[in-house]
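Below is one structure, written out as structure tokens, with a few remarks after it.
The values are calculated or read from the model by the stated rules, or taken from the named source; none is laboratory data. Quantities reported herein were computed from a predicted structural model and do not represent experimental measurements. Cβ: placed from backbone, ideal geometry, glycine included. Neighbour counts: every protein chain shown. Ligands, DNA and RNA are excluded from the accessible area calculation, which covers all protein heavy atoms including side chains. Shrake-Rupley method; radii C 1.70, N 1.55, O 1.52, S 1.80 Å.
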Amino acid sequence: MPEIPVEARYPGERLGFPETGPGSVARPGRRLAALAIDWACATVIAVAFLQYDPWALPGEAGLSTFAPLVVFALVQILFIPTLGASPGQRLLGMRIVMLRGGWVGLWRPIVRTLLLVPVIPAVIWDADQRGLHDKAAGTVLVRA
């Protein structure tokens, strides 16, 4: 059994991932940029197809207020098992992998997304920069 270092020198070392390059744990700047891309795309789709008005006052929008969030969640759930990442993550050279290898399957993207949507689990990280949403799903966001 491999020895797990108590204090890692870089994120992902304790998990057996390289420090830099392909397969290394994706860093926060790249993650946030991918999230911004995904959210912008979800908003555009919600405006175009779901009558979402980004300029409506909070009481006027009704249920369409949640349209970008629903689109965002659906894109995550559909793209992670099929392409290995959301469109924003793919554009920025990242992919989601299982901690122990293999296909992420169908239920892990659902669990990961349900924990990503409320934001708080995603911003609570461990030393390997894995959010609670990734820890619960057994996944890691790495550079492709």
Revision key, fill the gap. Matching residues in the stretch 11-34 (part of a loop (DSSP other than H, G, I, E, B), small (Gly, Ala, Ser) and surrounded by fewer than 18 Cβ atoms within 10 Å (Cβ to Cβ)) number 4
Practice item. Spot the failing condition for Leu63; the list is (1) over 23 Å from Asp126 (Cα atoms); (2) hydrophobic (A, V, I, L, M, F, W, C); (3) modelled with pLDDT of 95 or more; (4) out of contact with any helix residue (DSSP H, G or I) (no Cβ under 9 Å at 6 or more places or on another chain), and only one is missed. Key: (3)
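Table: residues versus (1) exposed (fewer than 13 other Cβ atoms within 10 Å of the Cβ); (2) free of Cβ contacts under 8 Å to residues at least 60 places away in the same chain; (3) more than 22 Å from Val111 (Cα to Cα).
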residue	(1), (2), (3)
Ala36	yes, yes, no
Glu60	yes, yes, yes
Val75	no, yes, no
Pro81	no, yes, no
Check your understanding: Filter the stretch 44-58 for residues that are in contact (Cβ under 8 Å) with a residue 12 or more places away in the chain and aliphatic (A, V, I, L, M); which is most open to solvent (accessible area, probe 1.4 Å)?
Key -> Leu50
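Listed here are the residues, each with its yes/no results for (1) surrounded by fewer than 19 Cβ atoms within 10 Å (Cβ to Cβ); (2) touching a helix residue (DSSP H, G or I) at 6+ places or on another chain (Cβ under 6 Å).
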| site | (1), (2) |
| --- | --- |
| Arg95 | no, no |
| Ile110 | yes, yes |
| Thr113 | no, yes |
| Ala122 | yes, yes |
| Gln129 | yes, no |
| Ala136 | yes, yes |
